[in-house]
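Participant: The structure is given below, and queries will be raised subsequently.
The values are calculated or read from the model by the stated rules, or taken from the named source; none is laboratory data. This one's a predicted model, so the numbers in the text were calculated from it and none came from an experiment. Don't worry about glycine lacking a Cβ; one is built from the backbone with ideal geometry, like all the others, and counts go over all protein chains shown. The area values use the complete protein model at the heavy-atom level, side chains included, leaving out ligands, DNA and RNA. Shrake-Rupley method; radii C 1.70, N 1.55, O 1.52, S 1.80 Å.
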2 protein chains.
Amino acid sequence: MNEQEYLAKYDKNAYLSPLVTVDGVLFTYHEETLKVLIVERANYPNKGMWGLPGGFIDETQDKTLEHAILRKLKEKTGIIPPYIEQLCTIGNDSRDKRGWSVTVCYTALIAYQACQHNIDSVESAKWVTIDEIENMPLAFDHNELYRQARERLKQKSLYSIVPGFALPDVFTLTELQRVHEVLIGKTLQKKSFRRRLEQADLLIDTGEKRQETGRPANLYRLKPESADYRFIRNLEF
Amino acid sequence: MNEQEYLAKYDKNAYLSPLVTVDGVLFTYHEETLKVLIVERANYPNKGMWGLPGGFIDETQDKTLEHAILRKLKEKTGIIPPYIEQLCTIGNDSRDKRGWSVTVCYTALIAYQACQHNIDSVESAKWVTIDEIENMPLAFDHNELYRQARERLKQKSLYSIVPGFALPDVFTLTELQRVHEVLIGKTLQKKSFRRRLEQADLLIDTGEKRQETGRPANLYRLKPESADYRFIRNLEF
DNA sequence: CTAATAGTGTCTCTCAGACACTATCCG
DNA sequence: CGGATAGTGTCTGAGAGACACTATTAG
């Protein structure tokens, strides 16, 4: 038998295969706090419970795992998040009562303003603050997935400006610093923070200014390549 | 219908599910070079080609994904590697001709001496240097998996002593530095390297010494917690 | 003017890089 | 002694932390 014959005869469904899902921990920043998107489960198991957005791969629709999670997130938010990153994969025989199950989990960031209208119109989806989610039982092992995403994002805020993707397209340096401070859980030195940004040349100066109270603040935009930039020296934890 | 009834009726195999495999990029260090374990494929597809060790989840045998890859690696090396870490998961409709396929890939490290006997006795497994593997077509997308593992390990050698797990239980500081140098691809300052190690308190001084030529070198052992330690400042790339 | 927030100047301290030095073994 | 490798002393420079300072708006 050659490979062609083997493939022609091969019946994928003749073998046991674990359930495969994708899940996403989608963060945003609004009103001085981090928020995470959760959805109410419409079906068993854990029907009625809240959990992370996600679901089964649709082999006919999804070309890749990332397409699958982006499709799921778009269903809830109306848009594709500007930052997404694979977090981890959990697979075992006990996380889903239906059987051996594997979930590929992603961390994503989005601006609150960019999707608030859509989320308000989706009955079963809402933002909760990270304080709320930490005291809330989620479906399956989604509390653990959230915890890992939260921890990774905290680490990232020490050596990258990835958290900036939770802000609107255009933002002030003070806003960017505040997101980092909330993630790290301590205040940062304004000077250190700005020195790093300036040297790394990660932002586009829009030339515009915004004023609320006090001196108007310069507005910046993230360079697309900022998503991958890593400072060689961490901020202190 | 309640959840119990739903679960009783649920037939996992009634739904399409991607193929799920685990793969491992197992590194070791021997004769001043990094090596990777590859195995010859016994079955279609890609029969006869070399690829990374791995394979399907065995739902009856494996409780978790990590158990699955450790089982696969133990089959080839005879032992459980002292360091293993999830690398990434690739899933799409084109990587495996049999259908939509997901692989969860791990990076692992092992001492050459600890498993050489077993590998020599396994017909279809062998070590190849990283120079060799980079010019070798591997099955599926295993070249890409290797590349990602190699890149991550290089990064890790800038801010951790994870590469030390590719050495025997007991080693000299010069040996440890050499592994890092090979991974990073440039020589390091002896003083900087040792200063970091000393401050972080990651090693156990065995009190023993080993001499080849010249002054005898002190022998050290890795503390188990060294696997998770991260320096706050990177070595320069 | 004051209040408020944005943004800068500058000192200290830690730690990586560089490199010369000393130490301990062999023959 | 010299050759080889292990290990240290010490200076420089980059960059984070700290914090006081100036700048620009509103009222």
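Participant: Take region B:1-52 and flag every residue that is among the aromatic types (Phe, Trp, Tyr) and more than 8 Å from chain A (Cβ to nearest Cβ). Before you say what the answer is, go through the steps one by one.
Facilitator: So in region B:1-52, the residues among the aromatic types (Phe, Trp, Tyr) come out as B:6, B:10, B:15, B:27, B:29, B:44, B:50.
Listed by number, the residues that qualify are B:Phe27, B:Tyr29, B:Trp50.
Participant: Counting just the residues of region A:198-215 that are under 18 Å from A:Pro168 (Cα atoms) and within 14 Å of DNA strand D (Cβ to nearest atom), which one comes out surrounded by the most Cβ atoms within 10 Å (Cβ to Cβ)? Before the answer, list the steps.
Facilitator: First, the residues of region A:198-215 that are under 18 Å from A:Pro168 (Cα atoms): A:202-212.
Now narrow it down to the ones that are within 14 Å of DNA strand D (Cβ to nearest atom): A:202, A:207-212.
On the way: A:Leu202: 19, A:Gly207: 8, A:Glu208: 12, A:Lys209: 11, A:Arg210: 13, A:Gln211: 8, A:Glu212: 7.
By that ranking, first place goes to A:Leu202.
Participant: If you don't mind, there's one more thing I want to ask. Testing A:Phe171 on (1) within 14 Å of the chain's Cα centre (by Cα); (2) surrounded by 15 or more Cβ atoms within 10 Å (Cβ to Cβ); (3) away from DNA strand D (no atom under 16 Å from the Cβ), one condition comes back false. Which one is that?
Facilitator: Failing condition for A:Phe171: (1).
Participant: Is there a residue in region A:183-203 that is in contact with a helix residue (DSSP H, G or I) (Cβ under 6 Å, 6 or more places away or on another chain), more than 9 Å from DNA strand C (Cβ to nearest atom) and within 14 Å of chain B (Cβ to nearest Cβ)?
Facilitator: Yes, because at least one residue in region A:183-203 is in contact with a helix residue (DSSP H, G or I) (Cβ under 6 Å, 6 or more places away or on another chain), more than 9 Å from DNA strand C (Cβ to nearest atom) and within 14 Å of chain B (Cβ to nearest Cβ).
Participant: So B:Pro137 fits all but one of (1) in contact (Cβ under 8 Å) with a residue 60 or more places away in the chain; (2) closer than 28 Å to A:Asn234 by Cβ; what number is the exception?
Facilitator: All conditions are met except number (2).
Participant: Here's a follow-up. Tell me which residues, restricted to region B:151-173, are of a type outside the set (A, V, I, L, M, F, W, C) and more than 22 Å from A:Gln155 (Cα to Cα).
Facilitator: Matches in region B:151-173: B:Gly164, B:Pro168, B:Asp169, B:Thr172.
Participant: Take the residues in region B:204-229 that are of a type in the set (Val, Ile, Thr) and at pLDDT 95 or above; name whichever of them is farthest from DNA strand C (Cβ to nearest atom).
Facilitator: Out of the qualifying residues, it is B:Ile204.
Participant: Moving to a separate point now. Test A:Arg195 against the criterion of being closer than 18 Å to B:Ile232 by Cβ, open to solvent by 70 Å² or more (accessible area, probe 1.4 Å) and within 9 Å of DNA strand D (Cβ to nearest atom), and give yes or no.
Facilitator: Yes: the conditions hold for A:Arg195.
Participant: Can you tell me how many residues in region B:80-92 are within 27 Å of B:Ser157 (Cβ to Cβ) and either at pLDDT below 95 or part of a strand (DSSP E or B) (or both)?
Facilitator: Taking region B:80-92 first, the residues within 27 Å of B:Ser157 (Cβ to Cβ) are B:80-90.
Going one step further and asking which of them are either at pLDDT below 95 or part of a strand (DSSP E or B) (or both), we end up with B:83-90.
The number of residues fulfilling the criteria is 8.
Participant: Related question: Would it be correct to say that A:Ile69 is within 14 Å of another protein chain (Cβ to nearest Cβ), within 27 Å of A:Ile161 (Cα to Cα) and among the hydrophobic types (A, V, I, L, M, F, W, C)?
Facilitator: Yes: the conditions hold for A:Ile69.
Participant: Suppose we filter B:Leu183, B:Leu173, B:Leu188, B:Leu167 for residues that are touching a His at 6+ places or on another chain (Cβ under 8 Å) and over 13 Å from B:Lys223 (Cβ atoms); which single one remains? Write out each step before concluding.
Facilitator: Working: B:Leu183 fails: touching a His at 6+ places or on another chain (Cβ under 8 Å); B:Leu173 fails: touching a His at 6+ places or on another chain (Cβ under 8 Å); B:Leu167 fails: touching a His at 6+ places or on another chain (Cβ under 8 Å).
Selected residue: B:Leu188, the only one of B:Leu183, B:Leu173, B:Leu188, B:Leu167 that is touching a His at 6+ places or on another chain (Cβ under 8 Å) and over 13 Å from B:Lys223 (Cβ atoms).
Participant: Oh, and also: With the requirement that a residue be assigned to a loop (DSSP other than H, G, I, E, B) and on the phi > 0 side of the Ramachandran plot, what does region A:194-237 give you?
Facilitator: A:Asp201, A:Gly214
Participant: Before we move on, is A:Ile232 among the hydrophobic types (A, V, I, L, M, F, W, C), in contact with a Phe, Trp or Tyr (Cβ under 9 Å, 6 or more places away or on another chain) and more than 10 Å from DNA strand C (Cβ to nearest atom)?
Facilitator: Values: among the hydrophobic types (A, V, I, L, M, F, W, C): yes; in contact with a Phe, Trp or Tyr (Cβ under 9 Å, 6 or more places away or on another chain): yes; more than 10 Å from DNA strand C (Cβ to nearest atom): no.
When the stated conditions are applied, A:Ile232 does not pass them.
Here's the yes/no breakdown for (1) more than 14 Å from chain B (Cβ to nearest Cβ); (2) part of a helix (DSSP H, G or I); (3) within 16 Å of DNA strand D (Cβ to nearest atom); (4) without any contact (Cβ under 8 Å) to a residue 60 or more places away in the chain:
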position: A:Ser94; (1), (2), (3), (4): no, no, no, yes
position: A:Val104; (1), (2), (3), (4): no, no, no, no
position: A:Thr107; (1), (2), (3), (4): no, no, no, no
position: A:Asn118; (1), (2), (3), (4): yes, yes, no, yes
position: A:Gln148; (1), (2), (3), (4): no, yes, no, no
position: A:Lys156; (1), (2), (3), (4): no, yes, yes, yes
position: A:Phe165; (1), (2), (3), (4): yes, yes, no, no
position: A:Leu176; (1), (2), (3), (4): yes, yes, yes, yes
position: A:Glu181; (1), (2), (3), (4): yes, yes, yes, yes
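Participant: In this structure, does B:Tyr112 turn out to be at pLDDT 95 or above, open to solvent by 10 Å² or more (accessible area, probe 1.4 Å) and among the hydroxyl-bearing types (Ser, Thr, Tyr)? Spell out the reasoning first.
Facilitator: Details: at pLDDT 95 or above: yes; open to solvent by 10 Å² or more (accessible area, probe 1.4 Å): yes; among the hydroxyl-bearing types (Ser, Thr, Tyr): yes.
Against the criterion (at pLDDT 95 or above, open to solvent by 10 Å² or more (accessible area, probe 1.4 Å) and among the hydroxyl-bearing types (Ser, Thr, Tyr)), B:Tyr112 qualifies.
Participant: Got at least one residue in region B:219-235 being open to solvent by 80 Å² or more (accessible area, probe 1.4 Å) and within 13 Å of DNA strand D (Cβ to nearest atom)?
Facilitator: Yes: one or more hits.
Participant: So, one more: When only residues in region A:18-45 that are modelled with pLDDT of 90 or more and polar (S, T, N, Q) count, which is surrounded by the fewest Cβ atoms within 10 Å (Cβ to Cβ)?
Facilitator: Among them, the one singled out is A:Thr33.
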